[in-house]
Amino acid sequence: MKSMSESEIDIQVAMPGDVHELVILNRLFNGFSDSAEEMAIRLQNTQNIETIILARLEGQVAGFAALRVLPCVLYPTPYAELTELYVKEEYRLRGIATHLVRFLEKLAVKKGAKSLSVQTGADNQPALSLYYGLDFADYDVALQKSLR
């Protein structure tokens, strides 16, 4: 499939009216079945911390990404992390993920960040290829503990 130009892909910050599409994307990507009302509340509650962007192709929602930017007490610049990235299967291999990441990079810079972090599975070859191709480099080891 051919890569799409930026003019063919419409990327915008998600608005409250987009919650129904976000619910569908989140179900496809993360397996969550939240209601539109729950999603709208979280979208509102995180608006100064996490920004969701949507990619549309020919008027159809093709994917989304999320950028979290947090101020740091011990560092002079905010911490920026690409927390979610998903493109519907039928829209993959068209450059949409690349455009989503590039949009988030610009947004992170506008918010004062000097770097952008991302975590993905060590065996997620499509994601690793994308990120390495966009000049991301191995940085650290991420660990997680379940809290009860």
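The values are calculated or read from the model by the stated rules, or taken from the named source; none is laboratory data. Keep in mind that what you see is a predicted model, and the values were worked out from it rather than measured. Ideal geometry is used to build each Cβ from the backbone, glycine not excepted, and the neighbour counts take in all protein chains shown.
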- prompt: Consider Gly17 against the criteria (1) more than 22 Å from Arg102 (Cα to Cα); (2) among the small types (Gly, Ala, Ser); (3) modelled with pLDDT of 80 or more; (4) not in a helix (DSSP H, G or I): it satisfies all of them except one. Which criterion is unmet?
  reply: (4)
Extreme residue, farthest from the chain's Cα centre (by Cα), among residues of region 90-131 that are more than 14 Å from Ala55 (Cβ to Cβ) and charged (D, E, K, R): Asp123
- line: Only unsatisfied item for Leu116, checking (1) free of Cβ contacts under 8 Å to residues at least 12 places away in the same chain; (2) touching a helix residue (DSSP H, G or I) at 6+ places or on another chain (Cβ under 8 Å), is (1)
- prompt: Filtering region 20-34 down to residues that are under 20 Å from Arg68 (Cα atoms) and touching a helix residue (DSSP H, G or I) at 6+ places or on another chain (Cβ under 8 Å), which residue is modelled with the lowest pLDDT?
  reply: Phe32
message: Taking the criterion of being assigned to a helix (DSSP H, G or I), surrounded by 11 or more Cβ atoms within 10 Å (Cβ to Cβ) and touching a strand residue (DSSP E or B) at 6+ places or on another chain (Cβ under 7 Å), would at least one residue in region 53-71 satisfy it?
response: no
task: Only residues that are closer than 12 Å to Glu84 by Cβ and part of a helix (DSSP H, G or I): list them for region 29-38, please.
output: Phe29, Asn30
message: Quick check on my filter: what residues within region 98-109 are of a type outside the set (Val, Ile, Thr) and either more than 15 Å from Gln12 (Cβ to Cβ) or at pLDDT below 95 (or both)?
response: Glu105, Ala108
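To keep it simple, each residue is scored yes or no on (1) within 29 Å of Gln60 (Cβ to Cβ); (2) modelled with pLDDT of 95 or more; (3) surrounded by fewer than 11 Cβ atoms within 10 Å (Cβ to Cβ).
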residue: Ile96; (1), (2), (3): yes, yes, no
residue: Thr120; (1), (2), (3): yes, no, no
residue: Ser129; (1), (2), (3): yes, yes, yes
residue: Leu134; (1), (2), (3): yes, yes, no
residue: Gln144; (1), (2), (3): no, no, yes
message: If Thr83 satisfies all but one of (1) over 23 Å from Asp10 (Cβ atoms); (2) among the hydroxyl-bearing types (Ser, Thr, Tyr); (3) part of a strand (DSSP E or B), what's the number of the condition it fails?
response: (1)
